[in-house]
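Undergrad: Structure in structure tokens, see below.
The values are calculated or read from the model by the stated rules, or taken from the named source; none is laboratory data. Quick caveat, the model's predicted, so the values are computed rather than measured. With ideal geometry, Cβ positions are generated from the backbone for all residues, glycine too; neighbour counts draw on all protein chains shown. SASA here: full protein model, heavy atoms, side chains in, ligands and nucleic acids out. Shrake-Rupley method; radii C 1.70, N 1.55, O 1.52, S 1.80 Å.
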Amino acid sequence: MKTKIKNISKDTIKNLFSKNISPTPNEYHKEFCAVAKEYQLDIKECKQFKELVSRLNKEEQAEIKSKNITTFEDLIPVLLNRVATKNLKTLTSLFKESITPSISIGLDERLAKFSIKIGNSPALLFEEDIQKEMQEFITERFEADKKIVREKTAEIAKLVTLMGQHLSEAIASSGESGTEVSNIKDEIKSIDLKENGIKELTNLQSKLINAAMSIENEMTQVGEKLSSGKSKVEKLEAKIKNLEEELDKSKKENLKDHLTGVLTRRAYEYEAKKIENNFNRNSTQYAIVFIDIDHFKAINDTYGHGGGDMILSTFGKILSKYTRDLDVVGRYGGEEFIVLIHFNLRRELLKYLKRIKSIVNENNFIFGKNKIKITFSAGVTIRNDHTSYESALQKSDMLLYNAKESGRNKIVLEDNTVI
């Protein structure tokens, strides 16, 4: 064993000098482990590095592989990018508060168990399965609150409807009574009692007229109050409707990708089903645009993940700004985006595609002092040309692949049109 290690050490020094590499501790360690592998000798220090890497998350492992990191010294910058445990604990606490239902209490027991789990191990927040579970809690929180609001407002809505009917009848009734009282007053006025010289009847006539006028005034006031009451009930109905719309809006905002501002893939698929159902019912025409940012890995390698995140964020904002609200924009994964565009005439679709391409190609993406030029490739299919949404989606993915293989910076349509 000692003899082998001596030989490995000699070969390590020899190799470093032949490669014109200074025998620093870091370079010596890398070469030593490589030579030990050739000798088929397991060295504890070399195995320790592999074991440590296996315990890191997938993103860190991918970065280590892409940068060909093989020593502890080179590993330090990667580990320094990790979030501090103290910050993770704060984030865990904030997450629990953010997803605790404000109205419904149905999630409390499950949420408590989940909070204990991530509280004991805050680093779990970076696990893909945990992140999916977090997304499910957020979705369930809004659905639970929305359900309670609907249940509570359903009874109010019934009461509002019933009150509206009675108020309308009361207002109508008071109007008829007021008219009737006015008629009685006019009839009393028309009696000429003074000619008969009956003083008592004259006094009675005066009292009846005053009473009739008083009743008429009261009826008018009742009618005004009932009309005001009905107006307040209508305002209450409007507030209930606004509350439901705000809940829907809040839920939709929380289903957006935090980096790009467009829908997450899960939220996109939900919206895509609604558009597909509308297409099946009403033949509402739409196109599927599958987009991929060109050479994104090179951007990450050159400017780091900060630069890559800036590109994704800005690109998402461009798609959101220049795509109508009735259409759908989602982040499909990594640097891939997908857009569902409604259109009547083909030239409307082409105009949209050319506009997005022109904006991206003619502008710089600013990261620090760097001005970065990017392009994208895309595949486009029209839903009506396919038997199903899945078939159209698959074809648009294939056209995107063709665009990238034939030189990138292209938008390829199914009829061989290239933008």
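Undergrad: Taking the solvent-accessible surface of protein heavy atoms with a 1.4 Å probe, what is the per residue accessible area of region 290-419 in Å²?
TA: So region 290-419 comes to 51 Å² accessible per residue, rounded to a whole number.
Undergrad: Another question, then. I want to check the label-to-label distance for LEU41 and VAL418. Put each point 7 Å from Cα in the C-beta direction and report it in nm to one decimal.
TA: The modelled label-to-label distance comes out at 5.8 nm.
Undergrad: In whole percent, and with a 1.4 Å probe on the protein chains, what portion of the accessible area of region 282-392 is carbon and sulfur?
TA: Ligands and nucleic acids excluded, carbon and sulfur give 49 percent.
Undergrad: Suppose the chain between SER358 and LYS4 were pulled fully straight at 0.36 nm per residue; how much longer would it get relative to their current alpha carbon spacing?
TA: Length difference between fully extended and current span is 121.1 nm.
Undergrad: Let me check I've understood the local charge: for GLU335, count other residues with C-beta under 10 angstrom from its C-beta, Lys and Arg +1, Asp and Glu -1. What total comes out?
TA: -1
Undergrad: Which whole-percent values make up P(r) of region 260-419 when all C-alpha to C-alpha distances are grouped in 10 Å steps starting at zero?
TA: For region 260-419, the pair-distance distribution reads 11, 41, 35, 11, 2, 0.
Undergrad: Just to verify a number: FRET efficiency for ARG110 and GLN394, C-beta to C-beta distance, R0 = 30 Å, to 0.05?
TA: It comes to 0.25.
Undergrad: Give, in nm to one decimal, the length gained when the segment between ASN344 and SER313 is fully stretched (0.36 nm per residue of separation minus the Cα-Cα distance).
TA: Separation in residues times 0.36 nm, less the Cα-Cα distance, equals 8.1 nm.
Undergrad: Report the full-extension gain for the segment LYS371 to ASP325: residue separation times 0.36 nm, less the Cα-Cα distance, to one decimal in nm.
TA: Using 0.36 nm per residue and subtracting the Cα-Cα distance, I get 13.5 nm.
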